[in-house]
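Asks: Submitted below is the structure of interest, expressed as structure tokens.
The values are calculated or read from the model by the stated rules, or taken from the named source; none is laboratory data. Owing to the predicted nature of the structure, the values given are computational and were not obtained by experimental measurement. We place every Cβ from the backbone using ideal geometry, glycine too, and count neighbours over all the protein chains shown.
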Amino acid sequence: MFFTVLITGASSGIGEYLAYEYARRGACLALSARREERLRAVADKARELGSPDVLVIATDISKVEDCERFVKEAVNHFGKLDHLVTNAGVAQIDMFEDCKQISDFATSMNTNFWGSVYASHFAIPHLRKSKGRIVGISSIAGWCSMPRTSFYSASKAAITSFYETLRAELGPDIKITIVTPGVVESEMTRGDFVSKGQMDFVLAESTERCAKAIVDSACQRRNRYLVEPSWARITFLIKVLCPEVLEWWLHRVFVAKRSKKSN
């Protein structure tokens with residue numbers, strides 16, 4: 001029996017390498033992102049790596065009608081859906097009080113959070129039939145909120161809470177793996193996310209290694225949660241046990257100390 005996976009944000013970064021990792025395991029893939037030409041390049045490589053069938057669907061995941069369309073196209077093409085991977089995400093980096101137009105930050109919520117909500121809503125009836133799995137890509141920023149990432153962090157925290165609620169609602173019919181990566185090599189982290197966010201000293205994990213850990217977690221270990229890299233769990237413990245220390249350190253390292261350097 002063939003295995004089908006729908007991945008959002010599959011044109012680059014974690015989503016691209018998730019496509020390759022699933023392809024190595026022989027999965028049929030439906031790849032979704034805005035950049036169709038780039039998606040086709042990813043699809044070609046996925047076929048070379050072992051995927052028997054790859055469907056490319058150009059999509060703006062922040063639009064509910066696009067999400068309905070790409071789920072419908074994937075199910076019509078393959079006849080079923082086993083895994084939905086909600087990976088698409090953007091990051092807008094700035095100090096909250098420096099923001100000139102607050103509505104600009106709506107992009108983070110529309111893509112990161114609402115895109116996951118829309119895709120999940122339309123996929124759930126099909127995942128219920130296959131007793132499938134949702135793999136929701138959140139972020140360590142969802143619990144360790146870094147300065148200059150207020151809306152990115154908020155969107156990722158919302159994703160985590162949303163999928164925890166869905167897990168309770170759906171019960172055993174649909175399994176959910178919530179993934180909280182740290183800083184991972186990607187187009188996003190090679191841009192403003194690290195430089196403007198002044199996180200250039202943070203070690204980024206390779207995209208390939210992160211993707212392998214995610215697919216292992218979803219397909220083999222069937223984890224409820226995955227923190228990757230695993231050492232990042234320490235930030236959660238610090239936040240729970242001594243949140244004031246974490247907040248002091250974040251302000252000192254990412255705000256006060258960096259402001260002195262820029263001056």
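Asks: Filter segment 150-162 down to the residues that are surrounded by fewer than 24 Cβ atoms within 10 Å (Cβ to Cβ) and of a type outside the set (A, V, I, L, M) and list them by number.
Replies: SER150, PHE151, SER153, THR160, SER161, PHE162, listed by residue number.
Asks: Among the residues of segment 128-160, what is the count of those that are closer than 13 Å to TYR225 by Cβ and more than 14 Å from the chain's Cα centre (by Cα)?
Replies: 1
Asks: Based on this model, can you work out whether GLU73 counts as part of a helix (DSSP H, G or I), touching a residue at least 12 places away in the same chain (Cβ under 8 Å), more than 15 Å from the chain's Cα centre (by Cα) and on the phi < 0 side of the Ramachandran plot?
Replies: Against the criterion (part of a helix (DSSP H, G or I), touching a residue at least 12 places away in the same chain (Cβ under 8 Å), more than 15 Å from the chain's Cα centre (by Cα) and on the phi < 0 side of the Ramachandran plot), GLU73 qualifies.
Asks: Quick check: is even one residue across segment 201-210 at pLDDT below 85, farther than 25 Å from ARG24 by Cβ and under 22 Å from the mean Cα position of the chain (by Cα)?
Replies: The answer is yes; a qualifying residue exists.
Asks: What tally of residues in segment 97-147 results from selecting those that are among the charged types (D, E, K, R) and in a helix (DSSP H, G or I)?
Replies: Of the residues in segment 97-147, 5 are among the charged types (D, E, K, R) and in a helix (DSSP H, G or I).
Asks: Then there is this: Scan segment 109-123 and tell me whether some residue there is among the β-branched types (Val, Ile, Thr), farther than 17 Å from ALA158 by Cβ and surrounded by 19 or more Cβ atoms within 10 Å (Cβ to Cβ).
Replies: Taking every residue of segment 109-123 in turn, none turns out to be among the β-branched types (Val, Ile, Thr), farther than 17 Å from ALA158 by Cβ and surrounded by 19 or more Cβ atoms within 10 Å (Cβ to Cβ).
Conditions (1) surrounded by 15 or more Cβ atoms within 10 Å (Cβ to Cβ); (2) touching a strand residue (DSSP E or B) at 6+ places or on another chain (Cβ under 7 Å); (3) within 22 Å of SER217 (Cβ to Cβ); (4) not small (Gly, Ala, Ser), marked per residue:
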{"site": "ASP66", "(1), (2), (3), (4)": "yes, no, no, yes"}
{"site": "GLU73", "(1), (2), (3), (4)": "yes, yes, no, yes"}
{"site": "THR86", "(1), (2), (3), (4)": "yes, yes, yes, yes"}
{"site": "ARG128", "(1), (2), (3), (4)": "no, no, yes, yes"}
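Asks: Taking the options ILE140, ILE102, ILE134, ILE93, name whichever one is surrounded by fewer than 21 Cβ atoms within 10 Å (Cβ to Cβ) and aliphatic (A, V, I, L, M).
Replies: Matching residue, one of ILE140, ILE102, ILE134, ILE93: ILE102.
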